[in-house]
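Read the structure below first, then the notes.
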Amino acid sequence: MCCRWRAAVHPATVAGVTEHPAPARLQTATVQEPALAPALPIITGRLPVFELRMSTGLCLRYQLKDTQTARTWLALMAQMQPDWLVRSDLNHRHGFAHAAQVLDALARLQRAARQLGLVLDPLDASTWQAALNRLHLNFPEFFRQRYVPELYDTAHEMNLAIHWLEYELGNVYGGRRQYLFNLDFNHIPEVYGRMGQIPVDEMHCFSPELRFGNLHLHYVYVGRHFLEMFDAQDYLCPVHHFKAQHEFNATCGLVFSEPEDWPARDAAMRQFHARRGGWRFFGYEYDDPRLARGFFKLGELVDLADYADASRRDALRTALSSAHVQSWHLV
């Protein structure tokens, strides 16, 4: 779940009609109308390579898939400014933390929950995800209340800490090897009105397979998406908190995770979809691309073949462990 501050989040408009009536979705209260965004340039011809420069001097280059969504995303990225990128420790790097950083995040989460009048249950190897799920239930509800800056800021801190800990504790307790960078523009007022729509015929580009080297769109709503619910095994989330992603902004993710058993995960996701109520809960059948199961893939590393060996992937993660994104270019 992400949060776009001081702006309304409206349901996406998708061409076509679902086979079954979709359940009602959460809409947040409008606090301040965003200024009109400048018109997006139309990018035609050959897609450029998207190049990222890290604070350590490392350069990452991504070849984009030729989709209308990728072209619109490039136009959005061209409007972003480096000082708009949020590089805080809770929303820029995921999976790279040391024990002291995890303990600090836990303390921050406990403090935020306490300030909001909420209780964080003890976290251990068997209870941590369920405890975070229970706490997370409260987050979308703050956006149905009158806007109070201090309240929203604390809720925002709580939400970031929950999702950051889900990656870190998933690695520690769940044996996963998830490593991601987010280029997060979701919380910048200048970005609120700068949105694109995913064409219906490109919804098949969503995938739950977060493979090493992928570049993907990030979630942009106050709500839960399917993959997030599945990974959290969230059977508490009410129907009005779920929202499939049909819109996007410049916010994106870079994946450096290790491979998983994708067929086994797909079977488990299908089972989770059924147990959670199927289309009656989600509004879409499991195989309907509009369910947006995962993240929309924009492209992948140009030199991805160089990382076929696990030792090369480990070396890159080590080089990234203390880095942050400094700038980006189109070449």
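The values are calculated or read from the model by the stated rules, or taken from the named source; none is laboratory data. Bear in mind that the values here come from a model prediction, so they are computed numbers and not experimental data. Positions of Cβ are backbone-derived with ideal geometry, glycine not excepted, and every protein chain shown enters the neighbour counts. Ligands, DNA and RNA are stripped out before the accessible areas are found, and what is left, the full protein with its side chains, is counted by its heavy atoms. Shrake-Rupley method; radii C 1.70, N 1.55, O 1.52, S 1.80 Å.
Summary of values
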read-out	value
Failed condition for GLU209, given (1) closer than 30 Å to SER126 by Cα; (2) in contact with a helix residue (DSSP H, G or I) (Cβ under 7 Å, 6 or more places away or on another chain); (3) not in a loop (DSSP other than H, G, I, E, B)	(3)
Subset tally (residues that are more than 30 Å from LEU236 (Cα to Cα) and open to solvent by 40 Å² or more (accessible area, probe 1.4 Å)) for region 270-318	14
Unique residue being in contact (Cβ under 8 Å) with a residue 12 or more places away in the chain, among the polar types (S, T, N, Q), open to solvent by 30 Å² or more (accessible area, probe 1.4 Å) and out of contact with any Ser or Thr (no Cβ under 8 Å at 6 or more places or on another chain) when the list is SER321, SER327	SER321
Residues of region 81-104 satisfying the condition of being part of a helix (DSSP H, G or I) and either farther than 19 Å from LEU320 by Cβ or free of Cβ contacts under 8 Å to residues at least 12 places away in the same chain (or both)	ASP83, TRP84, ALA99, ALA100, LEU103, ASP104
Residue in region 320-328 that is under 28 Å from LEU236 (Cα atoms) and hydroxyl-bearing (Ser, Thr, Tyr) present	no
Test: residue in region 153-160 that is crowded, with 22+ Cβ neighbours inside 10 Å, touching a Lys or Arg at 6+ places or on another chain (Cβ under 8 Å) and part of a helix (DSSP H, G or I)	no
Some residue of region 273-289 being closer than 28 Å to ASP89 by Cβ and out of contact with any Ser or Thr (no Cβ under 7 Å at 6 or more places or on another chain)	no
Residues located in region 168-204, provided they are under 18 Å from LEU217 (Cβ atoms) and either part of a helix (DSSP H, G or I) or of a type in the set (Asp, Glu) (or both)	ASP184, VAL191, VAL200, ASP201, GLU202, MET203, HIS204
Of all residues in region 172-184 being in contact with a strand residue (DSSP E or B) (Cβ under 9 Å, 6 or more places away or on another chain) and either more than 19 Å from SER88 (Cα to Cα) or of a type outside the set (A, V, I, L, M) (or both), the one that is modelled with the lowest pLDDT	ASP184
Of the criteria (1) at pLDDT below 75; (2) open to solvent by 40 Å² or more (accessible area, probe 1.4 Å), which one ALA7 fails	(2)
Residues that are in contact with a helix residue (DSSP H, G or I) (Cβ under 8 Å, 6 or more places away or on another chain) and either open to solvent by less than 10 Å² (accessible area, probe 1.4 Å) or at pLDDT below 95 (or both), drawn from region 65-78	THR69
Test result for PHE226, touching a residue at least 24 places away in the same chain (Cβ under 8 Å) and in contact with a Gly (Cβ under 8 Å, 6 or more places away or on another chain)	yes
Every pair of residues 6+ apart whose Cβ atoms lie under 9 Å, when the first sits in region 135-153 and is modelled with pLDDT under 80 while the second is among the charged types (D, E, K, R)	TYR147/ARG6
The lone exception for ALA292 - which of (1) at pLDDT 95 or above; (2) on the phi < 0 side of the Ramachandran plot it fails	(2)
Flag for ARG46 being open to solvent by 80 Å² or more (accessible area, probe 1.4 Å), in contact with a Ser or Thr (Cβ under 8 Å, 6 or more places away or on another chain) and either assigned to a strand (DSSP E or B) or under 25 Å from GLN197 (Cβ atoms) (or both)	no
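Listed here are the residues, each with its yes/no results for (1) within 20 Å of the chain's Cα centre (by Cα); (2) under 24 Å from ASP231 (Cα atoms); (3) not polar (S, T, N, Q).
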residue	(1), (2), (3)
PRO289	yes, yes, yes
ALA292	yes, yes, yes
PHE295	yes, yes, yes
GLY299	yes, yes, yes
SER311	no, no, no
LEU316	no, no, yes
LEU330	no, no, yes
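Results for (1) small (Gly, Ala, Ser); (2) modelled with pLDDT under 95; (3) open to solvent by less than 10 Å² (accessible area, probe 1.4 Å); (4) over 15 Å from the mean Cα position of the chain (by Cα), shown as yes or no for each residue.
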| site | (1), (2), (3), (4) |
| --- | --- |
| ASN186 | no, yes, yes, no |
| GLU190 | no, yes, no, yes |
| VAL200 | no, no, no, yes |
| VAL222 | no, yes, yes, no |
| PHE226 | no, no, yes, no |
| PHE230 | no, no, no, no |
| GLN233 | no, no, no, yes |
| GLU247 | no, no, no, no |
| PHE256 | no, no, yes, no |
